[in-house]
Amino acid sequence: MTELEKIDYARRFIEKLANGVDPLTDQPVPDGELVNNVRISRCFFYVADILRQVVENGGVRPPEAEGRGKKVPFFLSEEKRSGFAFSDEAIPLSEIVRRLNDLIDPGSMKKLTYNDAAEWLVDGGFLSVFTDEKGARRKDVTPEGEAIGIRKEERFSKNGVYKVSVYSREAQEFLLDNLDSVFAFTEKYRDERKREKKRPWTREDEEELINLFQKPATVKQIAAKLNRPAREVEKRLLRLGLLTAEDG
């Protein structure tokens, strides 16, 4: 094994640890273990990325990776979080995300996106996903979401009345209290999206998906069987018209 192969081997071990996976068994590490601590996980991601750059550059870190370097993943320390501007009036998730991004240096850190936060809420059961009559992917508030202070409000525009999810002061505080979970989820979610692009759905994949769904099996059961992220399975079911607003 060459030195580069050894470095790449180490990178793959560290990357699995960063994603909460035991590199020796390829099984998820229990939630309470140290490697699942968001700060430890972020360090693993950082080291794995440096090793990836070294391997891709033939054994040395590329010059552009030094100095200013690549932006680090979004993160807020406890001190930074204390500067968040809470609103006593309910505000949309996009406004919460904007206020969080106001607390970082965008020149050195990646911004949190609306989709990052929304997908975390979907994963936690606070929002559900459905397709509307035009086939667009939409999100709705679940009873669990209402319990933490998310609600639907009617808004008016030149095109008529529409509904938007808004977050009370209680819901804003809930998100801030769970930011570490959002950080960890965001890293894994982005990594899963990269894998999705590298692993397209074939006709055989879709046929197996449909067969499993019709058994019936849950989205999580199907995801485990197909070795794909649950969100990816859910999106494919929506695209195939097998999940509807009523399911959401």
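Annotations
- Applying the criterion of being at pLDDT below 95 and of a type outside the set (A, V, I, L, M, F, W, C) to the residues of the stretch 164-181, the residue that is farthest from the chain's Cα centre (by Cα) is 165.
- Test: residue in the stretch 34-47 that is closer than 19 Å to residue 186 by Cα, of a type in the set (Lys, Arg) and at pLDDT 75 or above: no
- Number of residues in the stretch 81-96 that are in contact with a Lys or Arg (Cβ under 8 Å, 6 or more places away or on another chain), surrounded by 14 or more Cβ atoms within 10 Å (Cβ to Cβ) and not small (Gly, Ala, Ser): the value is 1.
- Within the span defined as the stretch 66-85, every residue fails to be in contact with a Phe, Trp or Tyr (Cβ under 6 Å, 6 or more places away or on another chain), in a helix (DSSP H, G or I) and at pLDDT 90 or above.
The values are calculated or read from the model by the stated rules, or taken from the named source; none is laboratory data. These numbers come from a predicted model, not from an experiment. Glycine gets a Cβ as well: all are built from the backbone with ideal geometry, and neighbour counts include every protein chain shown.
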